[in-house]
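Written below as C-alpha cells is the structure these notes are about.
The values are calculated or read from the model by the stated rules, or taken from the named source; none is laboratory data. These figures come from a predicted structure and were not determined experimentally. So basically every Cβ, Gly included, is an ideal-geometry build from the backbone, and we count neighbours across all protein chains shown.
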C-alpha cells in the first residue's frame, strides 16, 4: 500500500485515488498548443504509480519521450461530495509537490487517434511524491514558487498564483464529479517549461521553503 508521508512526524496516510488536473497554467497550455478551457481537464493515476523522493524514475520501453511536469499536490482529509468553496478549502489537509511524469509521444499518438491517453500517464513510477506539510503548519498564500531543476539548471519556475483554478476551486469542481475521500491526492497542474528527460538526469523539485524532492531517471 502506498502512503503519504507527513514531514516532521511519523504519520503515514494511505493513498486512495489520485486525481490530476491538466492545463491549469495558461503558458503551459500554450506551449503544448492547447486552448484555455473554462473547466479543468481531469484524469486519474493509480496509487501503484507512486514513488518517492530518492527513488528512480523508469521510462517504459514503449516510449522514447518522457516529460517531467512539476505540480503542487493536495492531500484530502475528509469525505466530501458537491462541496461548496469553504468546505473544499477545509477538506485540504496537507500540501506536497509531485512529478506527473508523462509519455509525450504516446500521449500525442493517442490524442491523434481520439483514444484515451491513460497509458501515457499511469505507468509505474509516473507519480513522484515529496513529503507533505500539514495545513496547520503552513497555510499557502499562493505567493510561493514551485520549481524544477534538471542537472542543476532551472527548467520550471513559477508562482502558484499563476494557476487558472486555485486549490479550493479545483477540489470543489472535482467533488462535483466524484466523491473525494480522506487519503485522496490531487495534482493541480504544471507550469510552463516541460521537457524531455534522459537516463541519468537528476531532478530537483521544490515548493519554496516548504518541501522538496530529488530523484533520478534510470
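The table that follows gives values for the structure above.
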| item | result |
| --- | --- |
| Leading residue by the ranking (surrounded by the fewest Cβ atoms within 10 Å (Cβ to Cβ)) among those in segment 11-23 that are modelled with pLDDT under 95 and over 21 Å from residue 179 (Cα atoms) | 11 |
| Residues of segment 98-118 classified as part of a strand (DSSP E or B) and over 18 Å from residue 183 (Cβ atoms), total | 4 |
| Verdict on residue 142 being touching a helix residue (DSSP H, G or I) at 6+ places or on another chain (Cβ under 7 Å) and in a loop (DSSP other than H, G, I, E, B) | yes |
| Residue check for residue 124: surrounded by fewer than 21 Cβ atoms within 10 Å (Cβ to Cβ), modelled with pLDDT of 95 or more, under 16 Å from the mean Cα position of the chain (by Cα) and in a loop (DSSP other than H, G, I, E, B) | yes |
| Residue under evaluation residue 83, criteria (1) under 29 Å from residue 106 (Cα atoms); (2) crowded, with 19+ Cβ neighbours inside 10 Å, criterion not met | (1) |
| Residues being part of a loop (DSSP other than H, G, I, E, B) and either in contact with a strand residue (DSSP E or B) (Cβ under 6 Å, 6 or more places away or on another chain) or within 20 Å of residue 94 (Cβ to Cβ) (or both) - total across segment 56-82 | 8 |
| Conditions (1) crowded, with 16+ Cβ neighbours inside 10 Å; (2) closer than 21 Å to residue 205 by Cα; number of the one not met by residue 161 | (1) |
| Output for segment 46-55, where each listed residue is within 22 Å of residue 207 (Cβ to Cβ) and part of a loop (DSSP other than H, G, I, E, B) | 53, 54, 55 |
| Residue satisfying condition, being at pLDDT 95 or above, in contact with a strand residue (DSSP E or B) (Cβ under 7 Å, 6 or more places away or on another chain) and either closer than 18 Å to residue 201 by Cβ or crowded, with 19+ Cβ neighbours inside 10 Å (or both), within set 143, 131 | 131 |
| Looking only at segment 36-45, and only at residues there that are assigned to a loop (DSSP other than H, G, I, E, B) and touching a helix residue (DSSP H, G or I) at 6+ places or on another chain (Cβ under 7 Å), the one that is surrounded by the most Cβ atoms within 10 Å (Cβ to Cβ) | 40 |
